[in-house]
Amino acid sequence: MAEASNARGANSGNGTSGNSASKSSKGHCGRFWWLYVLVILIIAVVVVVPCVILVAVPRMAQKKLDDATLTIDGISVTNVQTNSLNMAINSTITTDGSTHATIDGFEGTMYLADVNPPLAFAKINFPETTSDAHQTVNVSQEIQISDQNAFTTFNEHLIQRESVYVLVKGDTNIHVRGISRAYSATFSKTVPLKGLNGFKGLTVTNPHVSLAQSDNFNATAHIPNPSSLTLDVGNTTFQTYLNGSDIGTSYILNLVLHPGANEFFIWADINNTAVLSALTKRPTCERNGTLTFELSGKNVTSLGQPIPYFANALAASNVSVDIPIGQAIKSDIGISVGCMD
């Protein structure tokens, strides 16, 4: 009995001790709750804030840059030389304006995006910009043509197609207001440009002819430019074909294509015998003196220098144009030409 009593006493003592420890722990928590909160805040600052600054903010900045819209309002190409030219680009960048940030100036590479992989053809320096909802970005600089083949391919697409797509890409840094750290980002935008559409709508009016062996044809060429580009091409010569045969060379001096309608004086050295023969044979003789000629780029010069990237692009395809040359022969020479059979 005594042993049992002792055991109960011992158990009773242990229970009291356990209750005392529990009460002591609760008391400690009650008195030092602020210490635990402080530890949690410190952990949050050490772990969460760096994650926000190093991960969330740059991702957000890159997304805002990706969501921005780049619009090319106009391009002007002047001072054309063999290995360089001046390119001025007027553009607009549109964002949602919700983030206050500055984007460093950067060197952007321009790619022809209509081929796979995209073909780099020029580099241009873009100035520092902001994340304002709407801002105008204008640049003008001398462009070095390091790859003649690539630039020629771009010009071929620009001349022949109704539209082309240009990818502008470059690495830059973004500065978010209130944060001293700069975040690296990539500017990458693909924008459509209207092309020259193969000079569709080209016409030649007011033709005049003579029986001389050279400089025996002249007229007014009407060349439409549906794009927003101004192209200072230079002094341009065209190989001239009739019924698939080379019959001479045509010339346009100081060919500058502005957006919209353009008029130029055009003259040529033409094989009169070939023209007169076509006017007397069917089916061409049945068109009231109108013949279809084809023009293909031959040479382009500017500032005394050859311009291969325009000459080769113009030579890549032929342009057809109807000319009422029979009427010119009748009025200028006094000869009426019709079907001989």
Please give the length that would be gained between Leu193 and Lys63 if that part of the chain were fully extended, namely 0.36 nm times their separation in residues minus their C-alpha to C-alpha distance (nm, one decimal).
-> 44.4 nm
To the nearest 0.05, what FRET efficiency results for Arg161 and Ser296 with a Förster distance of 25 Å applied to their C-beta separation?
-> 0.90
Extending each Cα 7 Å along its Cβ direction at Val256 and Thr136, get the distance between those two points in nm, one decimal.
-> 2.1
Using label points projected 7 Å from each Cα along Cα→Cβ, tell me how many nm separate Asp246 and Thr82, to one decimal.
-> 2.3
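For Thr273 and Asp114, compute 0.36 nm times the residue count separating them, minus their Cα-Cα distance, and round to one decimal in nm.
Stretched out fully, the Thr273 to Asp114 stretch lengthens by 52.8 nm.
Quick one: which of Lys298/Lys330; Lys64/Lys123; Lys64/Lys200; Lys189/Lys298; Lys123/Lys298 span more than 32 angstrom between C-alpha atoms?
The answer is Lys64/Lys200; Lys189/Lys298.
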Between Lys281 and Asn235, how many nm apart are label points set 7 Å from Cα along the C-beta direction?
-> 3.5
Ranked output for segments 271-283, 303-315 by mean other Cβ atoms within 10 Å, highest leading, reads 303-315, 271-283
Once the Cβ-Cβ distance between Leu303 and Met340 is put in as r, and R0 is 35 Å, what FRET efficiency do you end up with, to the nearest 0.05?
-> 0.10
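Values quoted throughout were computed directly from the atomic coordinates according to the rules given, and no laboratory measurement underlies them. Just so you know, these numbers come straight off a predicted model, no measurement behind them. Here the Cβ is made from the backbone with ideal geometry for all residues, glycine too, and neighbour counts use every protein chain on show.
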